[in-house]
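Enquirer: Pasting a structure here, questions to come.
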Amino acid sequence: MDKLLIRGGNRLEGELRASGAKNSALKMFAAALLADGPVAISNVPHLRDITTMIELLGFLGVEVVINEKMDVEIHANTIKRFRAPYELVKTMRASFNVLGPMLAHYGQAEVSLPGGCAIGPRPVDQHLLGLEALGANIEMVEGYVNASVDGRLQGAHIIFDICTVGGTEHIMMTATLAEGQTVLENCAREPEIVDLADCLNAMGADVQGAGTDCITINGVESLSGCHHRVIADRVETGTYLIAAAATGGRVRIQNANPEHLEVLISKLREAGAKILIGDDWIELDMEGRRPKAVSLVTAPYPAFPTDLQAQIIALNCVAEGTSTIKETIFENRFMHVHEMNRMGAKIRLEGNNTTAIVEGVEKLTGAPVMANDLRASVSLVIAGLIAQGDTIVDRIYHIDRGYEQVEEKLQNLGADIKRLATS
Ligand code: EPU
């Protein structure tokens, strides 16, 4: 298994381009199953999760054509199977989202239940509640959701019990081919949902209100192919901004979307960073200063994203002052804390492990560390960048799921980081 070796102490300085958003692209790949024609998606990041989704589509018999720029064209009409196996769904939960599109387009789908993962139990009850409200017959058979419908799905009025990104996306895309109008309430409002709605509308769907808590979908009989460009990855952009701030450095990120990062930008300003923004770029300058501690609570968009919580804790480890970070989205998303403490951080968990109290220290010390989740793993890379001495981050296949060319991008910013490949 590959590892990353980081020799800490260098300030990050320079410029990089944000990649396309993983969490948008994955859902668009599932949405392509709704279309009769080829769906072409550009600005797709080159990541392990994307490869897993392509593998799943290939397993279903769907033809996927990829060019050297990672423009991906999906031809759903070549589909031969309607069953997504456990082996592929367990490695990546987003694959569960092929259920609704297959059902809406072809009247049948069997998809393995994804199960829990390192950051919590992550049920799919809201997805199933939505599909049943649209008229799906759902049966649980040996760990699989077997879904079928006689004729077309029917539009419905659905109020989600909780705010769910995946649930909102899944039911929104499925309802595009239902007969009549669907109104979804208590929807999540993440930018990736708006991006998916834009892609669906380019396919000929009629989706209104994405980005608000109420989405209306007027069902159509069929969807065509389209071309859509994925938005910039706000979590990747945010990760590099935090990394630069934590090292006292300066970074300019091109191809970014500052509007999607308003809370992070204001938190980094609170930490002492000077930040300039343009239409599609963000520039952060810490001018060599030590960051000031920043407290926050994670919550659904537009509040502070859970996907940047671990990275901001890495910054707080060496900040001036004490911060309180409360995680409200996932039950078990503090695994990085114990590893950071092994590097000399002073973090304690309170409130049944929902809140981290971080007492800033002058320095961290390099150590061998690892985590079982993408964002926790990348936060350990940030900790390694600010630590004195060598840090080895193990199990970096988690990082490869969500960060394109992570070591090349960091090397370009002046980090001393290299991949140790093991056979
Ligand atoms: N939940 C339920 N029932 C459901 C669905 C969700 O109880 O049917 C709960 C979850 O267990 C969780 C909360 O609701 O406690 C929110 O989950 P949500 O459905 O919003 O998350 P998701 O769709 O599974 C996506 C991203 C995550 C990101 C979250 C929150 C993708 C592929 N994943 O997950 O991204 O953290 O939204 O913003 O879009 C990551 O990229 O590292 C990552 C984990």
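The values are calculated or read from the model by the stated rules, or taken from the named source; none is laboratory data. Just so you know, these numbers come straight off a predicted model, no measurement behind them. All Cβ positions, glycine included, derive from the backbone under ideal geometry; neighbour counts span all protein chains shown. Calculation scope for accessible area: heavy atoms of the full protein, side chains included, ligands and nucleic acids excluded. Shrake-Rupley method; radii C 1.70, N 1.55, O 1.52, S 1.80 Å.
Enquirer: Which residues, taken from the stretch 159-192, are within 12 Å of the ligand (Cβ to nearest atom), open to solvent by less than 10 Å² (accessible area, probe 1.4 Å) and outside any helix (DSSP H, G or I)?
Expert: Passing the criteria: Phe160, Cys187, Ala188.
Enquirer: Further, regarding this structure: Taking the stated definitions as given, is Glu73 open to solvent by 20 Å² or more (accessible area, probe 1.4 Å) and not in a loop (DSSP other than H, G, I, E, B)?
Expert: yes
Enquirer: Among the residues of the stretch 193-241, count how many are under 17 Å from Val263 (Cα atoms) and in a helix (DSSP H, G or I).
Expert: Total satisfying the criteria: 8.
Enquirer: Give the residue that is most open to solvent (accessible area, probe 1.4 Å), with candidates limited to residues of the stretch 1-13 that are at pLDDT 95 or above and assigned to a loop (DSSP other than H, G, I, E, B).
Expert: Arg11
Enquirer: Quickly run through the stretch 362-381 and pick out the residues that are open to solvent by 20 Å² or more (accessible area, probe 1.4 Å) and more than 16 Å from the ligand (Cβ to nearest atom).
Expert: Once the filter is applied, which keeps residues that are open to solvent by 20 Å² or more (accessible area, probe 1.4 Å) and more than 16 Å from the ligand (Cβ to nearest atom), the stretch 362-381 yields Glu362, Lys363, Thr365, Gly366, Pro368, Met370.
Enquirer: Same structure again: Are there any strands (runs of 3 or more DSSP E) wholly within the stretch 242-286 with 3 or more residues that are farther than 14 Å from Gly14 by Cα, and if so which?
Expert: Correct list: 274-277.
Enquirer: So, one more: Being in a loop (DSSP other than H, G, I, E, B) and among the hydroxyl-bearing types (Ser, Thr, Tyr) is the filter here; which residues of the stretch 350-371 pass it?
Expert: Within the stretch 350-371, just Thr354 meets the criteria.
Enquirer: So which of Phe82, Phe160, Phe96 ends up being in contact with a helix residue (DSSP H, G or I) (Cβ under 7 Å, 6 or more places away or on another chain) and touching a residue at least 60 places away in the same chain (Cβ under 8 Å)?
Expert: Phe96
Enquirer: Could you figure out which of (1) of a type in the set (A, V, I, L, M); (2) crowded, with 23+ Cβ neighbours inside 10 Å; (3) out of contact with any Asp or Glu (no Cβ under 7 Å at 6 or more places or on another chain); (4) farther than 30 Å from Arg152 by Cα isn't true of Ile215?
Expert: Of everything listed in (1) of a type in the set (A, V, I, L, M); (2) crowded, with 23+ Cβ neighbours inside 10 Å; (3) out of contact with any Asp or Glu (no Cβ under 7 Å at 6 or more places or on another chain); (4) farther than 30 Å from Arg152 by Cα, Ile215 misses just condition (4).
Enquirer: When the residues of the stretch 14-39 are narrowed to those that are in a loop (DSSP other than H, G, I, E, B) and either more than 16 Å from the ligand (Cβ to nearest atom) or polar (S, T, N, Q) (or both), which ends up surrounded by the fewest Cβ atoms within 10 Å (Cβ to Cβ)?
Expert: Only one residue tops the list, namely Asp36.
Enquirer: How many of the residues in the stretch 382-401 are touching an Asp or Glu at 6+ places or on another chain (Cβ under 6 Å) and buried (at least 24 other Cβ atoms within 10 Å of the Cβ)?
Expert: 1
Enquirer: Is it fair to say Leu129 is open to solvent by 30 Å² or more (accessible area, probe 1.4 Å), at pLDDT 95 or above and not aromatic (Phe, Trp, Tyr)?
Expert: Judged against the criteria, Leu129 is a match.
Enquirer: For residues that are free of Cβ contacts under 8 Å to residues at least 12 places away in the same chain and not in a strand (DSSP E or B), scanning just the stretch 44-70, find the one that is surrounded by the fewest Cβ atoms within 10 Å (Cβ to Cβ).
Expert: Glu68
Enquirer: Tell me which residues, restricted to the stretch 193-202, are open to solvent by 10 Å² or more (accessible area, probe 1.4 Å) and over 16 Å from Gly225 (Cβ atoms).
Expert: Of everything in the stretch 193-202, just one residue is open to solvent by 10 Å² or more (accessible area, probe 1.4 Å) and over 16 Å from Gly225 (Cβ atoms), namely Val194.
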